[in-house]
DNA sequence: ACCTGAACACCGTTCAAGT
DNA sequence: ACCTGAACACCGTTCAAGT
């Protein structure tokens, strides 16, 4: 695992992670053997273990690489002028960019999180970070009077994330097209939670 | 697998499933070997395979046994006089009855669903059934004028299930106590989605 | 330092042999 | 019919041996 050439090390390690992602998407995490990853990466088991500690370590690397779905979605909201518009926009871009491939990989990762306590803690921390960012954005929007005045920023952030996560899981079970199809309903539900003016109360 | 005594067959099979649940909760699905389950159930591998087709078959049996979290939650809503009150009540009972053990098992099952296509289809079907039941209950409540009039029953059912599912996942990452703590926020969000009178628009 | 591939302990599953 | 446990093919990982 230790090596003297950090460039080569990083390069080879990345190649292994890429090969692993290809295998995981194609066959799932537990159906792909180390031998499969070796073949895809074009190296022997001994070499592979020179750059990577274990199969679990590969997953951890992949998680760090893509740093979670939600961050790309949430980060831009922090300094948005119009919170609601920015959130809906992010959801649109997210839905457009998503593929079955991503959903499967995301679910494979989610599944593995539960089994490796260190991974689980890392994921819980990433979750809390997302929630803090979103909560801050909501608090800012509240300050502008853009949202229903009695919202608790933290609770609301948690509920929005839960809603999006649940919709993603439904799409994972039913195919990625399902997420795009559910987008209007999702926006409507979010609009009602936020009680954005114009999305209206009777 | 075939046997002549259906009673013994069912009894032994159930004993295997129970032993497997104990192991899965304790160690997770992939960390428990068939040998572990054999030891817990007190039989040899050959005998175990006499009553059970494979490890995946054990999971399928467990899924059928508990038939999903959501059914117990949703079924009573079908003929409820007050939909909102019944839903909140079901959530309360649900939160009270839930333990870390259940969340872990639920997540282990969810993880495995993705890998076994037949299990996945079964889960998707169960999901659609939950959604139909909930949708019908919402439609009935709409007919009584108890909910915001412009709700689409099907979309709303999907969003409520997504929200609850997402909250369950957050609790799975952060411990089961998290679900009870999130209950007020969850009810508030649901109330806003439904725009139940009195839970109010400004 | 970097790489190989045989070897190790263990896995899920099968099957000849018992009763 | 029901049960046993050794045997099979394969897994993730290691390590002596090469360059």
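The values are calculated or read from the model by the stated rules, or taken from the named source; none is laboratory data. Keep in mind the model is a prediction, meaning the values are calculated, not measured. Glycine gets a Cβ as well: all are built from the backbone with ideal geometry, and neighbour counts include every protein chain shown.
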Q: Would you be able to tell me the number of residues in region A:3-20 that are modelled with pLDDT under 95 and either at positive phi or buried (at least 20 other Cβ atoms within 10 Å of the Cβ) (or both)?
A: 0
Q | All positions within region A:35-67 that are under 25 Å from the mean Cα position of the chain (by Cα) and within 22 Å of residue B:112 (Cβ to Cβ) | A | A:37, A:54, A:55, A:56, A:58, A:59, A:60, A:62, A:63
Q. Going by the structure shown, is residue B:74 in contact (Cβ under 8 Å) with a residue 60 or more places away in the chain and either over 28 Å from residue A:26 (Cα atoms) or within 15 Å of DNA strand C (Cβ to nearest atom) (or both)?
A. yes
Q: For residue B:202, state whether it is over 19 Å from residue A:186 (Cα atoms), at pLDDT 95 or above and within 11 Å of another protein chain (Cβ to nearest Cβ).
A: no
Q. Among the residues of region B:101-125, how many are within 12 Å of another protein chain (Cβ to nearest Cβ) and more than 16 Å from residue A:178 (Cβ to Cβ)?
A. 15
Q: Test residue A:118 against the stated conditions and say whether it is under 23 Å from residue B:107 (Cβ atoms) and modelled with pLDDT under 85.
A: yes
Q. In region A:15-52, which residue that is under 20 Å from residue A:111 (Cα atoms) and more than 14 Å from every other protein chain (Cβ to nearest Cβ) is farthest from DNA strand D (Cβ to nearest atom)?
A. A:18
Q) Looking at B:154, B:165, which one is within 19 Å of residue A:190 (Cβ to Cβ), surrounded by fewer than 19 Cβ atoms within 10 Å (Cβ to Cβ) and within 13 Å of chain A (Cβ to nearest Cβ)? A) B:154
Q. In region B:141-151, how many are assigned to a helix (DSSP H, G or I) and within 11 Å of chain A (Cβ to nearest Cβ)?
A. 0
Q | Residue count, region A:154-183 (criterion: over 13 Å from the mean Cα position of the chain (by Cα) and under 14 Å from residue A:134 (Cα atoms)) | A | 8
Q.
For region A:126-140, give me each residue that is farther than 14 Å from residue A:152 by Cα, touching a helix residue (DSSP H, G or I) at 6+ places or on another chain (Cβ under 7 Å) and within 10 Å of chain B (Cβ to nearest Cβ).
A. A:127
